[in-house]
Amino acid sequence: MTTAVERQGAFQFKGDVTLLGPELKAGDKAPNFTVLANDLTPVTLDDSKGTVRIISVVPSLDTGVCDAQTRRFNEEAAKLDGVTILTVSVDLPFAQKRWCGAAGIDKVQTVSDYRDLSFGQAYGVAIKEWRLLSRAVFVVDANDTVVYAEYVPAAGEHPNYEAAIEAAKAAK
């Protein structure tokens, strides 16, 4: 894993860790990426072009806060017509599929960045020391502009769900 930007101490996960990639802000052009769906097909930002996207980023679906975060966005998806919601982690696609089936997740698409860390490095959430992703939420409008970005400071903390949902509604 090499990238030009390293942000030391930008996230707490078993102590301070280094995030790879830029810190995106509202107004930035959303970088494209390639991750894998549960059936191993590639998924890119361009695949949902023309829609508002909420991109929920978690270290692993098999942990309490990540589980709760994904369930919350799955519940909200039913109320957000015209909004695509992705949950990105480095869990293997097979594990994501199993977890979604067990958790009844059917409105959020889980995608895996395990192969290349394409998303993690483009969005500044790849943890150098652990090869995981930090917790974050991005809202990208139909024109591929970041309209909301939250980098949660520690693994055990929840994102501001309401702020992300309001940003998605405002971007429609």
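Results, tabulated for the structure shown:
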quantity	calculated
Lysine pairs within the stretch 1-84, Cα separation less than 26 Å, 8 or more sequence positions apart or different chains	5
Label point distance in nm, Thr44-Ala4, each placed 7 Å from Cα along Cα→Cβ	2.1 nm
The chain: projected area of the alpha-carbon convex hull, averaged over directions, in nm²	8.6 nm²
Karplus (6.51, -1.76, 1.60) ³J(HN,Hα), θ = phi - 60°, over the stretch 130-146, in Hz, Gly and Pro reported as x	10, 6, 10, 10, 7, 7, 7, 9, 10, 10, 10, 7, 5, 9, 6, 9, 5
Estimated 222 nm signal from helices in the chain, with DSSP H stretches of n ≥ 4 weighted -39500 (n - 2.57), rounded to 500	-7000 deg cm²/dmol
Protein-only accessible surface order, largest first, of Phe119, Phe13 at 1.4 Å	Phe13, Phe119
Accessible-area ranking of Phe94, Phe138, largest first, probe 1.4 Å	Phe94, Phe138
Local electrostatic count, Gly27, Cβ distance below 14 Å [Lys/Arg +1, Asp/Glu -1]	-2
Lys, Arg +1 and Asp, Glu -1 on Cβ, resulting dipole of the stretch 1-160 about Cα centre, debye, nearest 20	140 debye
Virtual spin-label span in nm between Asp62 and Asp81, 7 Å along Cα→Cβ	4.0 nm
Environment charge of Gly156, counting only residues whose C-beta is closer than 15 Å and scoring Lys/Arg +1, Asp/Glu -1	-2
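The values are calculated or read from the model by the stated rules, or taken from the named source; none is laboratory data. Predicted, not measured: the structure shown is a model, and the values here were computed from it. Glycine also receives a Cβ, built like all others from the backbone with ideal geometry; neighbour counts cover every protein chain displayed. Accessible surface is based on the protein model in full, side chains and every heavy atom, while ligands, DNA and RNA are left aside. Shrake-Rupley method; radii C 1.70, N 1.55, O 1.52, S 1.80 Å.
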